[in-house]
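The values are calculated or read from the model by the stated rules, or taken from the named source; none is laboratory data. From a predicted model like this one, the values you see are computed outputs, not experimental measurements. Here the Cβ is made from the backbone with ideal geometry for all residues, glycine too, and neighbour counts use every protein chain on show.
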Amino acid sequence: MTTNISTVKDKNINSSFLVGITLTVLGIAGILLPTFSTIFAETWFAVILASAGTAKLFYAFQTRESGGFIWKLLLGILYIATGIMLLVYPSTGILTLTLLLGSFLLTEGVFEIVLAFRLRPQQNWIWVLADGIVTLLLGAMIWFQWPFDAPWVLGTLVGASILLTGVSRLMLALNARSTLSSSDQASAA
């Protein structure tokens with residue numbers, strides 16, 4: 001019985017390890033091919049919007065008796081139209097998404113800095129301040145380099161995020177493998 005549990009856990013750890021390797025490789029590819037990954041991210045976002053719009057249309061028709069039908073219908077059409085626009089004009093979508101990202105990071109940075117000073121009496125508040133400053137600087141870099149940075153910035157950030165997720169999955173799998181081998185050794189003794 002213990003062998004079966006150990007075998008299942010080992011298979012799960014191996015699967016997690018493979019996912020970590022895959023995500024790490026994809027993250028590196030995203031960073032090395034930022035223009036391709038930017039277009040991929042923009043297209044993925046467009047497909048999600050159009051799909052969500054279709055779901056909203058179905059919901060509007062299913063709940064038309066409960067009120068707000070026109071608004072639900074218009075919202076679904078807006079989602080679909082935006083998704084189609086992003087698919088038809090990807091460069092415009094990339095410019096828009098990059099500008100939105102820069103604006104978001106600038107705003108988040110300001111909010112984090114304000115929060116840090118509100119947390120100042122607490123221990124380790126300086127980490128929140130550092131996070132706010134770095135986020136503010138990233139937003140400013142994107143904002144002031146726009147539109148020149150648009151072709152690569154989204155793909156690079158998505159690639160970095162996927163890379164970090166992959167590395168964290170690898171580390172968790174290695175930790176789980178180490179823990180499993182330690183418990184197997186302890187039970188064998």
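Some observations on this one:
- Residue in the stretch 56-75 that is farthest from THR38 (Cα to Cα), counting only those that are among the small types (Gly, Ala, Ser) and not in a helix (DSSP H, G or I): GLY67
- Cβ pairs under 8 Å, 6+ apart, first in the stretch 139-158 and of a type in the set (Ser, Thr, Tyr), second outside any helix (DSSP H, G or I): none
- Subset of the stretch 115-129 (residues that are within 25 Å of the chain's Cα centre (by Cα) and in contact (Cβ under 8 Å) with a residue 12 or more places away in the chain): LEU115, ALA116, VAL128, LEU129
- Odd one out for LEU115 among (1) surrounded by 14 or more Cβ atoms within 10 Å (Cβ to Cβ); (2) among the hydrophobic types (A, V, I, L, M, F, W, C); (3) within 30 Å of LEU26 (Cβ to Cβ): (3)
- Among the candidates ILE39, ILE21, ILE70, the residue that is modelled with pLDDT under 95, surrounded by 18 or more Cβ atoms within 10 Å (Cβ to Cβ) and either among the β-branched types (Val, Ile, Thr) or at positive phi (or both) is uniquely ILE39.
- With respect to being in contact with a helix residue (DSSP H, G or I) (Cβ under 7 Å, 6 or more places away or on another chain) and either over 21 Å from LEU157 (Cβ atoms) or free of Cβ contacts under 8 Å to residues at least 24 places away in the same chain (or both), GLY67 falls outside the description.
- Taken over the stretch 76-96, the residue count meeting the criterion of being of a type in the set (Phe, Trp, Tyr) and either in contact with a Leu (Cβ under 6 Å, 6 or more places away or on another chain) or part of a helix (DSSP H, G or I) (or both) is 1.
- Selection over the stretch 32-51 of residues that are among the small types (Gly, Ala, Ser) and within 16 Å of the chain's Cα centre (by Cα) gives a count of 3.
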